[in-house]
């Protein structure tokens, strides 16, 4: 296991392929720890990590908290709705007050794209981006890549379809960036109104025919319709969306090959994915959840573990 080239994990855009490989290799080592009867190691004993969440989250927050506790770090959970921010305190004052309590790392989710980068200007702690608006969600992409590597053994040359609300998805952006770096092919599929302009510049193809994408792909990552981010209707009805872009039991049964099914959660069953598909033997959705803890353990270890000072930048 080696350490990473950058002090923070703000997105995958500037992460070299060697660091992605290091994170995945380390995550598989920690996955073995999670399979033991005693799932705790003293790796980050004495370190303190604050989970700074300005948006609601279940999976990511619990996954990070579990990862921190499995590494024996001290964990503090911060909720914006229960903080002095509601009294008018600024973001800068909030985080500087938290850091004054001698913490080592901050895991942050924020609705504004670029907020984790902004945070690095105010604090010296290690920053890990747990999702910033519609920009990036690097740890989700890494756990998706780990799950694909676990399933197929190799990422290079894999054909991955990402289906659904691409415009509002930080998961899609991080997945495209990460998968392209390791040599996978990516095709996006969803309503034209939910396909951002210029997304092809990240190296993905676009195909609006779901059946063609399912026939082409080795695996599909199905995204939910993010109504809380949209504000307006981007398609006429849920029924029409399901008819054109829903991964249904009927569609999957027509394929002449097994298709690996992924979903970052939470799922809208009966809309973008059928329950029969989500619960099928080809779905690795629950593997993604477990691998999420292992990947986050790896990132925390690689960024906060003891190492020579000259390794930091």
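FYI, it's all coordinate maths here, none of it is from the lab. Keep in mind that this is a model prediction, so the values were computed, not measured. Heads up, the Cβs are rebuilt from the backbone with ideal geometry, glycines too, and the neighbour counts pull from every protein chain shown.
Of note:
- Here the residues 170, 61, ranked from fewest to most Cβ neighbours within 10 Å of their Cβ, fall in the order 61, 170.
- Solution diffusion estimate, µm²/s, Stokes-Einstein, the chain, Kirkwood Rh from C-alpha pairs, 10 °C, viscosity 1.306 mPa s: 79
- Centroid-to-centroid separation of region 145-188 and region 237-313 [C-alpha atoms, Å]: 10
- Three-way shape label, region 36-152, alpha-carbon gyration tensor, a/c 1.5: oblate
- Nearest 10 degrees, 0 to 90: helix 170-181 Cα axis against the chain principal axis: 90
- Cα-based helix-to-principal-axis angle, 285-304 vs the chain, degrees rounded to 10: 30
- What the Cα convex hull of region 138-289 gives, in volume per residue, is 101 Å³.
- Most mobile listed residue (159, 47, 92) in the chain, GNM with C-alpha springs under 10 Å: 92
- From least to most packed, judged by other beta carbons within 10 angstrom and beginning with the fewest, 285, 163, 273 follow the order 285, 163, 273.
- Overall form of region 102-169 per C-alpha gyration tensor (a/c, 1.5; a/b vs b/c): oblate
- The label-point distance for residue 281 and residue 40, in a model that sets each label 7 Å from Cα toward Cβ, rounds to 3.8 nm.
- In degrees, nearest ten, helix 17-34 long axis to first principal axis of the chain (Cα): 80
- Choice from 29, 94, 60 showing the highest fluctuation, given a GNM over the chain with Cα pairs closer than 10 Å: 94
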